[in-house]
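The values are calculated or read from the model by the stated rules, or taken from the named source; none is laboratory data. Note that this is a predicted model, so its numbers are computed, not measured. A quick note on method: Cβ atoms are made from the backbone with ideal geometry, for glycine too, and the neighbour counts reach across all protein chains shown. Just so you know, the surface numbers come from the protein's heavy atoms only, side chains and all, with ligands and any DNA or RNA stripped out. Shrake-Rupley method; radii C 1.70, N 1.55, O 1.52, S 1.80 Å.
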Amino acid sequence: MKKLKDLSEEEVDRIVEMAWEDRTPFDAIQAQFGISEGETIALMRKTMKRSSFKMWRARVQGRATKHAKKAPEDMDTFKSRMQKSIALNKISKR
């Protein structure tokens, strides 16, 4: 399990991007990067402006798609539309 201080800048960017996406569950972030939901929230709080964090937190809290157990049965993937352009967890140039 990685600690937040051991994450590279690219990994932090990808985690923030995944956490911001509505359909990516916290379980996917944990499976890919080894950080829990609480650690993801702490990372978001640390890297985002206060107002952006509050907006994200209000949107995420209670959202079924952010928790795999609460997600609809037909939602079997957590890939974003941008996933095709991302290889080996490295963010492509946009």
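Tell me, which residue of region 1-28 that is open to solvent by less than 40 Å² (accessible area, probe 1.4 Å) and of a type in the set (Gly, Ala, Ser) is nearest to Met55 (Cα to Cα)? The qualifying residue nearest to Met55 (Cα to Cα) is Ala19. Applying a threshold of 8 Å to beta carbon distances and a minimum spacing of six or more residues, or different chains, the list of pairs starting in region 5-28 at a residue that is farther than 18 Å from Arg57 by Cα and ending at one that is polar (S, T, N, Q) reads Glu10/Asn89; Glu11/Asn89.
Residue under question is Arg59, and the condition is that it be in contact (Cβ under 8 Å) with a residue 24 or more places away in the chain, part of a helix (DSSP H, G or I) and open to solvent by 40 Å² or more (accessible area, probe 1.4 Å); does it hold? Judged against the criteria, Arg59 is a match. Being closer than 18 Å to Ala58 by Cβ, open to solvent by less than 30 Å² (accessible area, probe 1.4 Å) and of a type outside the set (Ser, Thr, Tyr) is the filter here; which residues of region 29-42 pass it? The answer is Ile41, and nothing else.
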